[in-house]
Amino acid sequence: MEDAVDRILGQWRRERPDDVDDLWPMGLVGRIQRLDRILDRELKAFYATRDLELWEADVLLTLRRSGAPYALTPGALLKAAMITSGAMTNRIDRLEAKGLVQRSPGPDDRRSVRVQLTPRALELIDEFFAEHMANEARLFAALTAGEREQLAALLRTALHALGDTDIT
């Protein structure tokens, strides 16, 4: 079964026959980038039906998975999101304006700040979580369980090799 990346690689093989053996990274990166765009589009559409942006859902789900009291420092959220501190501050401000998070002083140091889910946000996440999981399963329904495990293992190895091993 041929895909768009195979056609792109075919064009490069025609144009650069001397580099045929060196084109394999283009195939991997191209497919991962295309998959990322498709996943991004599909997830954005899913969250739009809940009046959420993808980045909003990401922050809210990060707080939810942190466990009770569903609060993290902005720095911990920053690590999870891989964005600039200014962008995280903007995101927290916007979520706070929507009534989905609240800032509070840290429990051990009043100079630190924690960002916490509001009861409304917790209810929202818990209401759509099963649908969220079903939607993500739908995106990979073409793969068997073994293929999904193999893909996860390969992506884990690549991410680990590139230093992406830390989460909040």
Residues with beta-carbon under 13 Å from that of Ile8, excluding Ile8: net charge, scoring Lys, Arg +1 and Asp, Glu -1?
-> +2
Helix 85-97 axis, angle to the chain major axis (alpha carbon atoms, nearest 10°) = 60 degrees
Would you please put 40-50, 60-70 in order of how densely packed they are, using the mean number of other Cβ atoms within 10 angstrom per residue and starting with the highest?
-> 60-70, 40-50
Taking volume of the Cα convex hull per residue in Å³ as the quantity of interest, determine which of (i) 99; (ii) 112; (iii) 163 was computed from the displayed structure.
-> (iii)
For Arg138, net neighbour charge (Lys/Arg +1, Asp/Glu -1) across residues whose Cβ lies under 14 Å away | -1
With Cα coordinates, the longest principal axis of the chain makes an angle with the long axis of helix 145-161, in degrees rounded to 10, of 80 degrees
Using only Cα atoms, find the angle between the long axis of helix 4-15 and the longest principal axis of the chain, and express it within 0 to 90 degrees, rounded to the nearest 10.
-> 40 degrees
Using Cα pairs under 8 angstrom and six or more residues apart, how large is the relative contact order of the chain, in percent?
-> 17 percent
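Here, each number is a calculation from the coordinates, and none is a lab measurement. No experiment lies behind these values; they were computed from the predicted model shown. Please note: Cβ atoms are built from the backbone with ideal geometry, for glycine as well, and neighbour counts cover all protein chains shown.
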